[in-house]
Amino acid sequence: ALQGSYALKEFVAQSSNLALVLAGCHAGDASLVRAGLADVLIEPRRAPLIIGFDAAKAAALAAGAMGASISGAGPSVFAWFEGRDTALAAAPKVQAAFAAAGFDSQSWVSPVNSPGARLL
């Protein structure tokens, strides 16, 4: 799914988005994280392989996710929320989108692994 050519502008856009996510995490600025959680490089090529993905992502975003995408090579997907309660409320909606596409799914709500990198 990832074979073929990529335009330089796609790599630049993806690098910019990654920088926004990292800067947002470092500064505790959810608006930067939200702006950066857009995979313009890999998701467009892999999303068609995950039946129900577009509807599941739309459900997550409509329920308040900062962003949603494919985790690794798929078929796992993730959505990133600012709060646990919002994530818990969104999970059944995302699962319903997959169910409408004919797939059973599971959901997990967990915190971002903290405290992250640190100097020992």
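The table below lists the values:
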read-out: Translational diffusion of the chain, µm² s⁻¹ [Kirkwood Rh, Cα pairs; Stokes-Einstein; 37 °C; 0.692 mPa s]; value: 213 µm²/s
read-out: Axial C-alpha extent at least 27 Å, average Kyte-Doolittle at least 0.5 - helices from the chain (DSSP); value: 8-27
read-out: Contour excess over end-to-end distance, with Cα ends at Ala30 and Asp54 and 0.36 nm allotted per residue; value: 6.3 nm
read-out: Computed helical MRE - 222 nm, the chain, DSSP H runs ≥ 4 contributing -39500 (n - 2.57), nearest 500; value: -15000 deg cm²/dmol
read-out: Estimated FRET transfer efficiency when R0 is 35 angstrom, pair Leu22-Ala100 (beta carbons, to 0.05); value: 0.50
read-out: Nearest-0.05 FRET efficiency for Arg118 and Asp85, computed from C-beta distance (R0 35 Å); value: 0.80
read-out: Pairwise label distance in nanometres, Arg45 with Val109, each label 7 Å out on the Cα-Cβ vector; value: 3.5 nm
read-out: Convex hull volume per residue in cubic angstrom - Cα atoms of the stretch 60-114; value: 82 Å³
read-out: Mean Cβ count within 10 Å, highest first, over the residues of peptides 6-17, 59-70; value: 59-70, 6-17
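A short reminder: the numbers here are calculations on the coordinates, not readings from a lab. No experiment lies behind these values; they were computed from the predicted model shown. All Cβ positions, glycine included, derive from the backbone under ideal geometry; neighbour counts span all protein chains shown.
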